Amino acid sequence: MTFQPPENVQKILQNLPAKPGVYLHINKDGRIIYVGKAINLRHRVRSYFHKNVDSTKTRRLRRQIADIEIITTDSELEALLLENTLIKKHRPHYNIRLKDDKRYPYIKVHWASHFPKVTVTRRMARDGSRYFGPYTSVWAVHQTLDLLRKIFPYLTCDRTINGKDGRACLYYDIKLCHGPCIGAVNREQYRGMIKQLMDFLNGRSDHIITQLEERMKRAAEMLQFERAAEIRDQLKAVNKVVAKQKVISAANTNQDVIAFAREKGDACVQIFFIRHGKLIGREYFLLEGTEDEPDKEVLQEFITQFYDSAAHIPKEVLLQHEVDEAIIIEQWLKQKRSAKVALRVPQRGQKKELVQMAAANAADTLAALRQQWAADRSKHVTAMSELQRALDLPSPPARIECYDISHTQGAQTVGSMVVFVQGAPRKSDYRRFNVQTVGNDDYGAMKEVLTRRFQRYQDAQAGELHDPSQIDKIRKETAWSLLPDLLIVDGGKGQLTMAVDVLKQFGLEQEVPLAGLAKREEELFVPGKLGPILLPRRSQGLYLVQRVRDEAHRFANAGHRKRRAKVGVASILDSIPGVGPKRRQTLLKHCGSLDDLRRAAAEEIASVPGIPLHVAEAVKAHLA
């Protein structure tokens, strides 16, 4: 039977322009389910509705298309850029996309500062800084920086560096800072060290080793044995890193090597980073939405999404397969790099071997990940089954909500709600509550938090029944509109009693299974049962409850610290003559933080709209 698109779609198909551009397939709920680009929109979009299509994925997609939007562009390159932007923004279900496409971490060198710091960030900005990455593991980034700091003792404090401080901090004494604050090194010397750090991150380490060896010899010849020992330790740290950097090719070679492996809908891409002839690192990335897609399409989508936010683009990228739009992608990469970039699929020799090695690593990584996922799923299933039996639940608790309270002597009280689905955290459903009705009363705080949570549930149900125009909004707020299969309150019998009262208030005591967790012995209490329930010490059920509880505790504490910090800043600024709530808000919005405000000159503060010079001087005097 021939597939017939909806009437409005047929009309759109009749009036498509024969121009380059981007098209968006939209389902009946108004959600964008696919974004594509085309040299000729008329031919490309119509191809989805031909009588015979080879792809199962395309057949599924076209059955869901209720509307089509098009955006014409002046060139194929503009279409490529726009497509990539829209995929990252909307994350359509049928597009190939980086899995868990959060912002990956980068090492940031604040090169625009007189005395640059080195930090970790997830956002690149055009602020004169130098970026290295992206990396897939924050832990690995911090481990790298811990080692680098032993070699290049960069600043980590918030002092204003003028070389005139009377005393350095502890880091200077333990050789983790060169002490520019006390004038132990000047600006040029410090920036020279940071330049070496950036060279090191770029794979240029030979000259650094040579310089360190020469300095060590000079120190020894001048009988400065303590200084020579410090440099010797730096050399050991450098050689420890360099030993992991395999020499691959000529010293001037800068390449990325990209290959991937696929299995049952999962795809893993491996990238080798070769800088100055050395393999300085490798990362893997997971893709989703790759079902029924040809290898060249998977590779092309990864290249455009990865290099859109990469800190460095090499002059050569070695690929496992040809890609259809190689010329357009090379043109785009050339614009980003401000120099020529070549995409190549090597057929023989060392480059071919590198691609094969990357492909083998991708296959090994994917196999290990799939094994880990299977083990995790098995543990999660076991944990939920154990909780079902122990707590006499009607079904395994697929959705668990846990609540905790954090405060300091009743001040800035924050309640947390964390959600685990199928044994794994669903952070998009986490919520915090700034408690407003009680002070130093954990039970009252828990009552307010649970009341607000289930009032939201009740409102969502009422909205879905009585206000059809709000259905889409309600569906997005799944954190409120779904009931948990198990609700855990951290605090034992007292908090459990409070939770029972709230559920009765909303008529949900029969619908929401409830448990209270006592911290001391990790006992579980349930309504209607006098004694505690003790899960076996090494059971997966107990491990799951502990993870959920610890996450609720962490999330509540983080919210409380954030709220307490804001109140602290507010109280400091409010005590300054001439600064009220409005000016306080203006100052913080302009300067960003109290530390930045403290570092700013009075003239800079006075340049903020609404802040006269005498108030700016009062701010400086108060914060000095």
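Observations on the model:
- Condition met for residue 79 (farther than 18 Å from residue 93 by Cβ, surrounded by fewer than 18 Cβ atoms within 10 Å (Cβ to Cβ), at pLDDT 85 or above and not basic (Lys, Arg)): no
For (1) surrounded by fewer than 17 Cβ atoms within 10 Å (Cβ to Cβ); (2) assigned to a strand (DSSP E or B); (3) over 19 Å from the mean Cα position of the chain (by Cα), each residue gets a yes or a no:
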position	(1), (2), (3)
280	no, yes, yes
292	yes, no, yes
303	no, no, yes
306	no, no, no
330	yes, no, yes
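- Qualifying residue in the stretch 422-434 (condition: in contact with a Lys or Arg (Cβ under 8 Å, 6 or more places away or on another chain), farther than 14 Å from residue 405 by Cβ and modelled with pLDDT of 90 or more): no
Rundown of residues vs (1) over 24 Å from residue 379 (Cα atoms); (2) surrounded by 11 or more Cβ atoms within 10 Å (Cβ to Cβ); (3) not assigned by TED's automatic domain parsing to the domain that holds residue 460, yes/no style:
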{"residue": "503", "(1), (2), (3)": "yes, yes, no"}
{"residue": "510", "(1), (2), (3)": "yes, no, no"}
{"residue": "513", "(1), (2), (3)": "no, yes, no"}
{"residue": "518", "(1), (2), (3)": "no, yes, no"}
{"residue": "524", "(1), (2), (3)": "no, yes, no"}
{"residue": "534", "(1), (2), (3)": "no, yes, no"}
{"residue": "543", "(1), (2), (3)": "no, yes, no"}
{"residue": "549", "(1), (2), (3)": "no, yes, no"}
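- Residue in the stretch 443-460 that is more than 19 Å from residue 506 (Cβ to Cβ), modelled with pLDDT under 80 and either aliphatic (A, V, I, L, M) or within 33 Å of the chain's Cα centre (by Cα) (or both) present: no
- Residues satisfying the stated conditions in the stretch 419-442, i.e. within 24 Å of residue 505 (Cβ to Cβ) and basic (Lys, Arg): 431, 432
- Residues being farther than 17 Å from residue 479 by Cα and surrounded by fewer than 13 Cβ atoms within 10 Å (Cβ to Cβ) are represented in the stretch 438-445 by at least one member.
- Reported count of residues in the stretch 461-494, each being modelled with pLDDT under 70, loosely packed, with under 14 Cβ neighbours inside 10 Å and closer than 26 Å to residue 551 by Cβ, is 2.
- Verdict on residue 125 being in contact with a Ser or Thr (Cβ under 9 Å, 6 or more places away or on another chain), loosely packed, with under 13 Cβ neighbours inside 10 Å and not assigned by TED's automatic domain parsing to the domain that holds residue 599: no
- Of the residues contained in the stretch 64-72, one or more are found to be of a type in the set (S, T, N, Q) and surrounded by fewer than 19 Cβ atoms within 10 Å (Cβ to Cβ).
- Test for residue 359: is it small (Gly, Ala, Ser), surrounded by 14 or more Cβ atoms within 10 Å (Cβ to Cβ) and either touching a Phe, Trp or Tyr at 6+ places or on another chain (Cβ under 8 Å) or assigned by TED's automatic domain parsing to the domain that holds residue 266 (or both): yes
The values are calculated or read from the model by the stated rules, or taken from the named source; none is laboratory data. This structure is a prediction, so every number in the text was calculated from the model and none was measured. Cβ: placed from backbone, ideal geometry, glycine included. Neighbour counts: every protein chain shown.
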